[in-house]
Amino acid sequence: VDFFNRINLIYGTISEYCDSASCPTMSGGARFEYLWADGEKYKKPTALPAPQYVSLLMDWIETQINNESVFPVSTDVPFPKTFPGLCKKILTRLFRVFVHVYIHHFDRIVAIGA
């Protein structure tokens, strides 16, 4: 949850510079394009502009975190068997946001002194 909050904060510092025109694809450099799939609306991996990808990701993660059957709040409720895989997916996707910000917006991070 802390990593989610930190990545959200980092992205928030440059979000006004990350738009569909400047970032028409969610990528981490020329060799890595990140596709969105959530198993619901986006069943197949889909290319999206970076801001749309990040918005969908943050909403999706928040839904997962707030789902008590996935992230139990009570110590007497066990974590589901799918918990490690879900956490891996969440962390992988958050790392993609970090990579995108670092590769495509590092100059803005430096300019604002973040």
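Side notes on the structure shown:
- Centroid-to-centroid separation of the range 60-90 and the range 92-111 [C-alpha atoms, Å]: 26 Å
- Derived scalar couplings ³J(HN,Hα) [the range 8-23; Karplus, 6.51 cos²θ - 1.76 cosθ + 1.60; whole Hz; x for Gly, Pro]: 4, 5, 4, 5, x, 5, 10, 4, 5, 9, 9, 10, 4, 6, 7, 9
- Per-residue 3J(HN,Hα) values for the range 42-57, derived from phi via the Karplus relation 6.51 cos²θ - 1.76 cosθ + 1.60 with θ = phi - 60°, read 10, 6, 9, x, 10, 6, 9, x, 3, x, 5, 4, 5, 4, 4, 4 Hz in sequence order (x marks Gly and Pro).
- Taking every alpha-carbon pair under 8 Å whose residues sit at least 6 apart, the range 2-112 reaches a relative contact order of 32 percent.
- Paired Rg and Dmax values of the range 2-112, which use every Cα atom, in angstrom: 15.1, 49
- Sites residue 15 and residue 74 - FRET efficiency at Förster radius 30 Å, r taken between beta-carbons, to 0.05: 0.30
- Helix 83-112 vs. the chain, principal-axis angle (Cα, 0 to 90°, nearest 10): 20 degrees
Bear in mind these aren't lab numbers, they're just calculated from the coordinates by the rules spelled out. Everything numeric in this text was worked out from a predicted model, so none of it was measured. Here Cβ is always computed from backbone atoms with ideal geometry, including for glycine, and neighbour counts include all displayed protein chains.
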